[in-house]
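What follows is one structure encoded as structure tokens, with my remarks underneath.
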Amino acid sequence: MNTKKIILCGQNDLLGEVVELFMSSRKGWEVIKISENTTLDQLSRAIQQHHPNAVIYYQRESTYRECSPMELIRQFPELKVVNVGLDNNMIEVYQQKKVWMNSVSDLLSALE
């Protein structure tokens, strides 16, 4: 079985510990935890080194973060980025998807 890797980027708090524990306890998953103070360049190097299936990061909405999901998707189009919003209990999932368009129905399928 291939191990799936996740980079977990966020505060060193209870939520981070719970997510790390939950994902690590799942068979076939490996969690690489890095600090919320990691710069975009450092996170990019970690992604290149570990080749994760996804990056999960969490922050308060009021906290500025250099590592935006769109920037990560631009640099790593195959990567799934999950942002956990601590202020509003929302999970945002970002992933680039390319679809070959042969007809208008392909466009409609991509939008649904």
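Bear in mind that the values in this text are calculations on the coordinates, not laboratory data. None of the values given here were measured: they were computed from a predicted structure.
For the chain, the relative contact order works out to 22 percent when only alpha carbon pairs closer than 8 Å and six or more residues apart are counted. Listed by chain and number, the lysines whose C-alpha is less than 21 Å from the C-alpha of Lys97, apart from same-chain residues fewer than 8 away, are Lys4, Lys5, Lys80. The gain in end-to-end length when the Ile91 to Gln42 segment is fully stretched comes to 15.3 nm, 0.36 nm per residue minus the alpha carbon separation.
Measuring max minus min along each principal axis, the C-alpha atoms of the chain give extents of 49, 40, 27 Å (largest first).
For the range 70-85, 3J(HN,Hα) computed residue by residue from phi via the Karplus equation (6.51, -1.76, 1.60; θ = phi - 60°) reads 5, 5, 5, 5, 4, 6, 10, x, 7, 7, 9, 10, 10, 10, 9, x Hz, glycine and proline entered as x. Most simply put, the range 4-111 has about 25% antiparallel DSSP beta bridges, counting only bridges with both residues inside it. Our coupling estimate for the range 14-26, obtained by passing each phi through the Karplus curve with A = 6.51, B = -1.76, C = 1.60 and θ = phi - 60°, is 4, 4, x, 5, 5, 4, 4, 5, 4, 5, 5, 7, 6 Hz, Gly and Pro reported as x. 3J(HN,Hα) along the range 35-52, derived from phi through the Karplus expression 6.51 cos²θ - 1.76 cosθ + 1.60 where θ = phi - 60°, amounts to 5, 5, 7, 5, 7, 4, 4, 5, 5, 4, 5, 5, 5, 5, 6, 9, 6, x Hz, with x in place of Gly and Pro.
Summarising the amide proton neighbourhood of Ile56: residues at separation of 5 or more, or on other chains, whose placed amide H is nearer than 5 Å comprise Ile7, Leu8, Cys9, Val82.
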